[in-house]
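Taking it in order: structure first as C-alpha cells, then the write-up.
The values are calculated or read from the model by the stated rules, or taken from the named source; none is laboratory data. A quick note: this is a predicted structure, and the numbers were derived from the prediction, not measured. Note that each Cβ is placed from the backbone with ideal geometry, even for glycine, and that neighbours are counted across all protein chains shown.
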Ligand SMILES: Nc1ncnc2c1ncn2[C@@H]1O[C@H](COP(=O)(O)OP(=O)(O)OP(=O)(O)O)[C@@H](O)[C@H]1O
Ligand SMILES: [Mg+2]
C-alpha cells in the first residue's frame with residue numbers, strides 16, 4: 001500500500017547526529033511529533049528534524065536547485081533524483097521535484113500522472129501564468145511538478161516562441177524557490193534548448209555516470225554544453241559527477257571509474273552508488289530506498305545526499321565524508 005509520509009528512523013537520526021539511539025527520544029522529546037515517542041518512538045517527522053537542526057545545530061536550509069542530467073539514457077537520473085528528493089525531504093528540506101522528461105518515469109513512479117495535470121508545456125503556452133498551478137503536493141515536505149507525453153513538444157515551443165533561454169526556466173524557478181528550499185529536476189537524456197535553459201536556471205548539475213564508455217562520451221557532451229554556456233552567460237552551474245551502478249566484480253567498471261577520477265578529479269562526488277537491485281523496487285509507487293531499513297543502496301545514496309546538502313556539519317563531532325572501503329581500494 002502506498003505510504004506518502006517519508007520519515008527518518010531513530011537509527012538515521014542517531015547516525016546523522018552521531019549520538020546513541022537511546023539519546024534520540026530525549027533530544028526530540030518536546031518537539032513536534034513527540035507524541036509518537038511515548039509508546040513507540042521509531043521515526044521522526046521532517047518538521048521535528050528541521051526544527052532540531054535549525055535550533056540546536058544552527059543548520060541552514062540553504063535554498064538551492066539541482067538537475068540530474070547527462071546525454072545518456074538509463075544511468076539513473078530518474079531513480080537518483082526521486083530518491084535524493086525523498087531523502088532530502090526526510091531531513092526537513094521543503095523539496096520540489098520537477099519532472100522535465102516527457103518519458104515521465106518519475107511522474108508515474110510517484111503515482112501522480114493524470115491527463116488533467118498542467119505541465120510545463122501548458123505554462124509556456126500560457127494556459128496558466130501561475131507556476132504554482134503545476135505543483136502537486138505529495139506530503140507537507142515534498143511536492144512534484146509532473147510531466148506528460150506532450151512535454152515532448154517543449155523544445156519546439158521554445159524555438160517558436162524565440163524565448164530568452166536565460167530566464168525561461170530560471171524565472172519561474174526563482175518564484176518556486178520562494179516556497180521551497182530545494183528543487184530537484186529530472187531531465188531527459190538529451191541536449192536541447194530545454195536542457196540549455198535548465199543549465200541556466202539551476203545551481204548544480206549532477207551527472208550520473210555508469211562506469212562505461214557510453215557514459216564517458218555522454219559526459220563530454222555535458223562539458224561541451226557547460227563550456228558553451230560559460231562563453232555566453234555569466235551564470236553557470238556547478239557540475240558534479242556521480243558514479244552509479246558501480247560493480248567491483250567487473251574489471252571494466254573499475255577501469256572506467258579510475259578514468260573518471262583521473263580526467264575529472266575536481267568534479268567527482270567522493271562517494272559512489274553500487275549496482276543494486278533495490279533501485280528497481282524503489283521506483284514503484286510509494287516506495288523508496290529507505291522503505292525497508294538499512295539497504296546498501298540506501299546507505300550509498302544517503303552519503304551523497306549528506307555530502308551535497310552539507311549535512312555532515314550537524315554531526316556531534318563534525319565527522320567528515322569518508323570514502324568507503326571499495327573506493328579506497330580503487331583509488
Ligand atoms: N545503482 C543501481 N543499481 C541497479 N540498478 C539501477 C541503479 N540505478 C538505477 N538503476 C536501474 O536502472 C534503470 C534505469 O534507471 P533510470 O530510469 O533512473 O535511468 P534514467 O537515466 O532516468 O533513464 P532515462 O534516460 O531513460 O530517463 C532502472 O531500472 C533503475 O531501477
Ligand atoms: Mg529518466
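I want to confirm something. Restricting to the range 101-132 and keeping residues that are within 13 Å of ligand 2 (Cβ to nearest atom) and under 16 Å from residue 150 (Cα atoms), which single residue is nearest to the chain's Cα centre (by Cα)?
First, the residues of the range 101-132 that are within 13 Å of ligand 2 (Cβ to nearest atom): 101-110.
Imposing the further condition that a residue be under 16 Å from residue 150 (Cα atoms) reduces the set to 101-108.
On the way: 101: 15, 102: 18, 103: 18, 104: 16, 105: 15, 106: 12, 107: 14, 108: 17 Å.
Looking at the filtered set, the residue picked out is 106.
Which ones in the range 1-18 are surrounded by 16 or more Cβ atoms within 10 Å (Cβ to Cβ) and either touching a helix residue (DSSP H, G or I) at 6+ places or on another chain (Cβ under 9 Å) or modelled with pLDDT under 80 (or both)? Lay out the reasoning, then the answer.
Keep residues of the range 1-18 that are surrounded by 16 or more Cβ atoms within 10 Å (Cβ to Cβ), which gives 6-10, 12-17.
Residues satisfying the conditions are 6, 7, 8, 10, 12, 13, 14, 15, 16, 17.
Residue 279 passes all but one of (1) at pLDDT 90 or above; (2) in a loop (DSSP other than H, G, I, E, B); (3) under 24 Å from residue 6 (Cα atoms); which number fails?
(2)
Cβ-Cβ distance below 7 Å, separation of 6 or more or different chains: which pairs start in the range 168-197 with a residue that is assigned by TED's automatic domain parsing to the domain that holds residue 283 and over 19 Å from residue 148 (Cβ atoms) and end on one that is within 16 Å of ligand 2 (Cβ to nearest atom) and part of a loop (DSSP other than H, G, I, E, B)?
191/71
Within the range 221-253, how many residues are in contact with a strand residue (DSSP E or B) (Cβ under 8 Å, 6 or more places away or on another chain) and in a helix (DSSP H, G or I)?
Summing the residues that are in contact with a strand residue (DSSP E or B) (Cβ under 8 Å, 6 or more places away or on another chain) and in a helix (DSSP H, G or I) in the range 221-253 gives 4.
If only one of 13, 70, 98, 86 is assigned to a helix (DSSP H, G or I), within 16 Å of ligand 1 (Cβ to nearest atom) and either at negative phi or within 21 Å of the chain's Cα centre (by Cα) (or both), which one is it?
86
In the range 198-231, what residues are touching a residue at least 40 places away in the same chain (Cβ under 8 Å) and either outside the structural domain of residue 267 (by TED's automatic domain parsing) or away from ligand 2 (no atom under 16 Å from the Cβ) (or both)? Show your work before the answer.
Start the filter on the range 198-231 by keeping residues that are touching a residue at least 40 places away in the same chain (Cβ under 8 Å), which leaves 198-199, 201-219, 221-222.
Once the filter is applied, which keeps residues that are touching a residue at least 40 places away in the same chain (Cβ under 8 Å) and either outside the structural domain of residue 267 (by TED's automatic domain parsing) or away from ligand 2 (no atom under 16 Å from the Cβ) (or both), the range 198-231 yields 199, 201, 202, 203, 204, 211, 212, 213, 216, 217, 219, 221.
For the range 197-232, which positions are under 22 Å from residue 156 (Cα atoms) and within 19 Å of the chain's Cα centre (by Cα)?
197, 198, 199, 200, 201, 202, 222, listed by residue number.
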